[in-house]
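Each remark here refers to the structure printed beneath this line.
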Amino acid sequence: MSDPKPAPPPVPTIHEADLASGPSGAVLRGAEIDRATAVARRQLGGHVVVCGPDIRDTRALAQQVEASVGPYKRGVPHTRYAGPEALPHFQQTDDTHSGHTFYETPNRRARN
């Protein structure tokens with residue numbers, strides 16, 4: 001009898017996102033979307049969030065989404081300005097372009 005193969009790690013998923021009202025800084029996870037829809041949402045200045053347990057995977061996918069929109073920069077969680085539940089993110093370098101591509105970490109998660 002052979003040992004069962006371990007299950008493959010979960011693949012990160014992309015979701016529509018909104019910011020919670022108030023000072024929490026929380027990101028609200030919406031419906032799951034595909035990469036093309038995420039890019040279109042970001043092009044229009046909306047928010048998306050990449051969810052999953054592995055920070056390398058979530059960060060890489062978030063970076064790919066944001067890079068598809070244009071020149072971008074990486075941001076740390078803005079806990080001082082947004083709130084204690086803020087997530088790391090990517091955003092466009094053009095300050096007139098709104099929205100973010102957030103991503104989860106093992107310690108920072110989007111809310112349902």
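Residue check: is V11 assigned to a helix (DSSP H, G or I) and either touching a Ser or Thr at 6+ places or on another chain (Cβ under 7 Å) or of a type in the set (A, V, I, L, M, F, W, C) (or both)?
Answer is no for this residue.
Find all pairs meeting these conditions: Cβ atoms under 6 angstrom apart; at least six residues apart or on different chains; first residue within the stretch 1-22 and without any contact (Cβ under 8 Å) to a residue 40 or more places away in the chain; second residue open to solvent by 90 Å² or more (accessible area, probe 1.4 Å).
These pairs meet every condition: T13/E32.
Could you tell me whether P23 is at pLDDT 95 or above, more than 14 Å from the chain's Cα centre (by Cα) and open to solvent by 40 Å² or more (accessible area, probe 1.4 Å)?
Here the answer is yes, as P23 does meet what is asked.
Condition (residue is open to solvent by less than 70 Å² (accessible area, probe 1.4 Å) and not acidic (D, E)) applied to the stretch 1-10: is it met by at least one residue?
No, the stretch 1-10 contains no residue that is open to solvent by less than 70 Å² (accessible area, probe 1.4 Å) and not acidic (D, E).
Restricting attention to the stretch 81-112, report how many residues are of a type in the set (S, T, N, Q) and either under 12 Å from the mean Cα position of the chain (by Cα) or open to solvent by 90 Å² or more (accessible area, probe 1.4 Å) (or both).
6
Please verify whether the stretch 47-68 includes one or more residues that are open to solvent by 30 Å² or more (accessible area, probe 1.4 Å), under 17 Å from P106 (Cα atoms) and in contact with a Ser or Thr (Cβ under 7 Å, 6 or more places away or on another chain).
The answer is yes, given that some residue of the stretch 47-68 is open to solvent by 30 Å² or more (accessible area, probe 1.4 Å), under 17 Å from P106 (Cα atoms) and in contact with a Ser or Thr (Cβ under 7 Å, 6 or more places away or on another chain).
How many residues does the stretch 4-20 hold that are of a type outside the set (A, V, I, L, M) and within 13 Å of the chain's Cα centre (by Cα)? Don't jump to the end; show me each part of the working.
Here is the first cut: in the stretch 4-20, the residues of a type outside the set (A, V, I, L, M) are 4-6, 8-10, 12-13, 15-16, 18.
If we keep only those that are within 13 Å of the chain's Cα centre (by Cα) too, we end up with 12-13, 15-16, 18.
Of the residues in that region, 5 qualify.
Can you tell me how many residues within the stretch 27-43 are free of Cβ contacts under 8 Å to residues at least 24 places away in the same chain and either among the aliphatic types (A, V, I, L, M) or buried (at least 20 other Cβ atoms within 10 Å of the Cβ) (or both)?
Result for the stretch 27-43: 4.
Looking at (1) at pLDDT 95 or above; (2) over 16 Å from A110 (Cα atoms); (3) among the hydroxyl-bearing types (S, T, Y), find the lone condition where T13 falls short.
Failed condition: (2).
Go through the residues of the stretch 35-57 one by one and say whether even a single one is polar (S, T, N, Q), within 11 Å of the chain's Cα centre (by Cα) and at pLDDT 95 or above.
No; the residues of the stretch 35-57 include none that is polar (S, T, N, Q), within 11 Å of the chain's Cα centre (by Cα) and at pLDDT 95 or above.
Is it true that some residue in the stretch 26-38 is touching a Leu at 6+ places or on another chain (Cβ under 8 Å) and of a type in the set (G, A, S)?
Yes, the stretch 26-38 contains at least one residue that is touching a Leu at 6+ places or on another chain (Cβ under 8 Å) and of a type in the set (G, A, S).
I'd like the full set of residues that are open to solvent by 30 Å² or more (accessible area, probe 1.4 Å), not in a loop (DSSP other than H, G, I, E, B) and not charged (D, E, K, R), limited to the stretch 70-80.
Correct list: Y72 only.
The values are calculated or read from the model by the stated rules, or taken from the named source; none is laboratory data. Everything numeric here is computed off the predicted structure, so don't read it as measured data. Neighbour counts are summed over all protein chains in view; Cβ atoms, including those assigned to glycine, are modelled from backbone coordinates with ideal geometry. Surface areas here come from the heavy atoms of the whole protein model, side chains and all, with no ligands, DNA or RNA. Shrake-Rupley method; radii C 1.70, N 1.55, O 1.52, S 1.80 Å.
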